[in-house]
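The values are calculated or read from the model by the stated rules, or taken from the named source; none is laboratory data. None of the values given here were measured: they were computed from a predicted structure. With ideal geometry, Cβ positions are generated from the backbone for all residues, glycine too; neighbour counts draw on all protein chains shown.
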């Protein structure tokens, strides 16, 4: 398994090709045409090779198409509404081509993919002031992709239900939290309905909401985290077939794992040291031992810290 990171400060992404034993080759750099603040990967031109999309604070996104050998073509750049805070790659109109959703500070931009690496002009809707967190999924079980965002200053979680044609309904405020930030989704209790996990860097807590399968959510369950839980991922870290919470704690150089019980509840957090100020995480089996490992990207340094799972 390989890693791609936006830790470069020179308008490039860093590609780390894995040996399969937890080690990686010498980093390769691929130009993106911007200063990449956000990053996602997907196959945008249906050639079975992964491509990269990045977004920058110059209010642009760039796409580089992959050749399948760890190298990438020249960037194609187009404008977004404002500074980006999240990117998702998903088929929002049901044509089996990968589309792009970019959350900016106030707007949410969508780009419908043509399946050849090019995209239709952006369609935007208001996400709300200081929108920081983005997650996509089918939250009302109608087989259409929906969008959920968090708003820092308005302290709300907004649900935008999709019609399945790339258009979304007006947002519904579903929860009120103290400065919600990172957000992720998964079925935490096995009822075939998507639930939410949200972190707040103001309170150093994570909040779990049970989904009702109609776009609404139940009362929050609260879990204390470490300092500045700015990123959250959902994975089965301990191989018990239940989803766990994996959280990057930027201000005390750790990540936390909250083991899931499979009923919507989570156990006591386990805390693991990382490098300087982890701002995001990647989870995967980097040494092919059938256990999920964690790679943490440093906010204050150009360092990726890989923690191999021994559980």
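Looking at the structure I just gave you, is residue 254 buried (at least 18 other Cβ atoms within 10 Å of the Cβ), farther than 24 Å from residue 209 by Cβ and at pLDDT 95 or above?
Working: buried (at least 18 other Cβ atoms within 10 Å of the Cβ): yes; farther than 24 Å from residue 209 by Cβ: yes; at pLDDT 95 or above: yes.
The answer is yes for residue 254.
Pull up the stretch 112-138, narrow it to residues that are at positive phi and modelled with pLDDT under 95, then point me to the one that is surrounded by the most Cβ atoms within 10 Å (Cβ to Cβ).
Filtering first and then ranking leaves 128.
Which numbered condition trips up residue 233, out of (1) without any contact (Cβ under 8 Å) to a residue 24 or more places away in the chain; (2) buried (at least 16 other Cβ atoms within 10 Å of the Cβ)?
For residue 233, the exception is condition (1).
Name every residue in the stretch 202-216 that is surrounded by fewer than 22 Cβ atoms within 10 Å (Cβ to Cβ) and touching a residue at least 24 places away in the same chain (Cβ under 8 Å), in order of residue number. Let's see the steps before the verdict.
Residues of the stretch 202-216 surrounded by fewer than 22 Cβ atoms within 10 Å (Cβ to Cβ): 202-205, 207, 210, 212-216.
Once the filter is applied, which keeps residues that are surrounded by fewer than 22 Cβ atoms within 10 Å (Cβ to Cβ) and touching a residue at least 24 places away in the same chain (Cβ under 8 Å), the stretch 202-216 yields 202, 203, 204, 205, 207, 210, 213, 214, 215, 216.
Exactly one of these conditions fails for residue 49: (1) within 21 Å of the chain's Cα centre (by Cα); (2) more than 27 Å from residue 92 (Cα to Cα). Give me its number.
(2) is the only condition that residue 49 fails.
Across the stretch 180-192, what is the total count of residues that are modelled with pLDDT under 95 and surrounded by fewer than 23 Cβ atoms within 10 Å (Cβ to Cβ)?
Taking the stretch 180-192 first, the residues modelled with pLDDT under 95 are 180-181.
Retained after the next criterion (residues that are surrounded by fewer than 23 Cβ atoms within 10 Å (Cβ to Cβ)): 181.
Selection size over the stretch 180-192: 1.
Is one or more of the residues making up the stretch 193-205 within 21 Å of residue 293 (Cα to Cα) and at pLDDT 95 or above? Quick ask: steps written out before the conclusion?
Here is the first cut: in the stretch 193-205, the ones within 21 Å of residue 293 (Cα to Cα) are 197.
Applying the additional criterion that residues be at pLDDT 95 or above yields 197.
Scanning the stretch 193-205, I find at least one residue that is within 21 Å of residue 293 (Cα to Cα) and at pLDDT 95 or above, so the answer is yes.
Would you check if residue 221 is touching a strand residue (DSSP E or B) at 6+ places or on another chain (Cβ under 8 Å), in contact (Cβ under 8 Å) with a residue 24 or more places away in the chain, surrounded by fewer than 22 Cβ atoms within 10 Å (Cβ to Cβ) and assigned to a strand (DSSP E or B)? Explain how you work it out, then say what you get.
Working: touching a strand residue (DSSP E or B) at 6+ places or on another chain (Cβ under 8 Å): yes; in contact (Cβ under 8 Å) with a residue 24 or more places away in the chain: yes; surrounded by fewer than 22 Cβ atoms within 10 Å (Cβ to Cβ): yes; assigned to a strand (DSSP E or B): yes.
Yes: the conditions hold for residue 221.
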